[in-house]
Amino acid sequence: MTGSEPLTIDEEFDMQQSWRNDEDKCTFIVLAKASSEQPNGLHSIETMIGDVNFYLNSHDNPHEAELEVMIAEQAHSGRGVATEVLKLMMHYAVNDIGVTDFVVRIKETNNASIHIFEAKFGFIETERSKVFKEVTLRRQVTEDFKAELNMWSEQNSKRVIFEPF
């Protein structure tokens, strides 16, 4: 959805393992609700539909997080899943990690993703890269935005399981 490309399941697991001990990266696997047809419930590989990440990689601002989200399973695309997990990830980043600024880099052809960040979260375009063909959007965490994140989290805390990998 943002700048990432879909990975195979083996590539995804390898990447997750490399990030597990990195203090500057945080990733969560996005799971679909388990059905009665899945014998292992949430622990079934079939429930994995994507991931959401942030990176603390700004040398100028140690409290800036670069967000990334990918909903890889088409059956779950366009249903608000990315919006919901982004709300929860930003809430976690702000309240538990102390993030004060967010940045996203999105492929310039990904209008749906650009729309989510601009319309739903108030991100503002700050640059375009012709070389990488991507748009950079930024959002500062204000007290009002933090209050919105807290409200969203309270409303959804009972229906979403959100545990770090």
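Structure notes:
- Selection count, the stretch 60-107, where residues are farther than 22 Å from Thr47 by Cα, assigned to a helix (DSSP H, G or I) and of a type in the set (A, V, I, L, M): 4
- For the stretch 125-139, a residue qualifies if it is free of Cβ contacts under 8 Å to residues at least 24 places away in the same chain and surrounded by 13 or more Cβ atoms within 10 Å (Cβ to Cβ), and exactly one does: Glu125.
- Total residues in the stretch 109-124 satisfying the condition of being among the small types (Gly, Ala, Ser) and either open to solvent by 90 Å² or more (accessible area, probe 1.4 Å) or under 19 Å from Phe54 (Cβ atoms) (or both): the figure is 2.
- Some residue of the stretch 64-72 being charged (D, E, K, R) and open to solvent by 50 Å² or more (accessible area, probe 1.4 Å): no
- Scoring Asp96 on the criteria (1) surrounded by 12 or more Cβ atoms within 10 Å (Cβ to Cβ); (2) at pLDDT 90 or above; (3) closer than 18 Å to Glu154 by Cα leaves a single failure, condition (1).
- Cβ-Cβ contacts under 7 Å between residues 6 or more apart (or on different chains), taken from a first residue in the stretch 101-119 that is on the phi > 0 side of the Ramachandran plot and without any contact (Cβ under 8 Å) to a residue 60 or more places away in the chain to a second residue that is surrounded by fewer than 19 Cβ atoms within 10 Å (Cβ to Cβ) and hydrophobic (A, V, I, L, M, F, W, C), are absent.
- The stretch 32-58, residues that are at pLDDT 90 or above and part of a loop (DSSP other than H, G, I, E, B): Leu56
The values are calculated or read from the model by the stated rules, or taken from the named source; none is laboratory data. These numbers were taken from a predicted model, which means no experiment stands behind them. Positions of Cβ are backbone-derived with ideal geometry, glycine not excepted, and every protein chain shown enters the neighbour counts. Note: areas computed on protein heavy atoms with side chains; ligands, DNA, RNA excluded. Shrake-Rupley method; radii C 1.70, N 1.55, O 1.52, S 1.80 Å.
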